[in-house]
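Notes for the one structure printed next.
All of the numbers you see were taken from the coordinates with simple rules; none came from a lab. Quantities reported herein were computed from a predicted structural model and do not represent experimental measurements. Methodologically, a virtual Cβ is constructed for each residue, glycine included, from the backbone with ideal geometry; neighbour enumeration extends over all protein chains shown.
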Amino acid sequence: MSNGSTRAWKAFRVDRQGRLRFLFRAHAGTSVVPRGIWVEAKARWVREGAAGRKYRAGFHCFRNWQAVLAFQKQTKGKYVIREVLVADLHRKPRTRAGSWLARRLYVPEKVGQ
């Protein structure tokens, strides 16, 4: 566990081979989620939509289970949710589901690890 890490939950999609994939943007040129290592989001500004406000890039996550349930309701349970470790958290602006953004992300190799 990294110093300053926090437990959180993250939504993923699962491909036909059973691999976890990021929902929004690829990381390091692939949408396949690296497991068992810490990964870091690029330090850059991103924008939601063409005219949205800019905010710092990061891995979307949820800090509490109520936010996970709200997201699952909004997306009709379309995605899988996994417990992850995150670091360097900040609140995502204008979020309907209570999302946070993490600069660093650790996805365990196995569920429940």
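Data table
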| item | result |
| --- | --- |
| H27, H90 arranged by Cβ crowding within 10 Å, fewest neighbours leading | H90, H27 |
| Dipole magnitude of the chain, debye to nearest 20 (Cβ charges: Lys/Arg +1, Asp/Glu -1, about Cα centre) | 420 |
| Fewest-first sequence of L105, L89 by Cβ atoms within 10 Å of each Cβ | L89, L105 |
| Charge sum, other residues only, whose C-beta stays under 15 Å from K76's C-beta, Lys/Arg counted +1 and Asp/Glu -1 | +4 |
| Computed [θ] at 222 nm, deg cm²/dmol, the chain (DSSP H ≥ 4; -39,500 (n - 2.57); rounded to nearest 500) | -2500 deg cm²/dmol |
| Given charges at Cβ of Lys, Arg, Asp, Glu: the chain dipole, positive-most of A51, A70, L89 | A51 |
| Relative contact order of the range 6-106, pairs being alpha-carbon contacts under 8 Å that are 6 or more residues apart, as % | 35 |
| Hits among lysines - C-alpha to C-alpha of K76 under 24 Å, sequence gap 8 or more where chains match | K10, K92 |
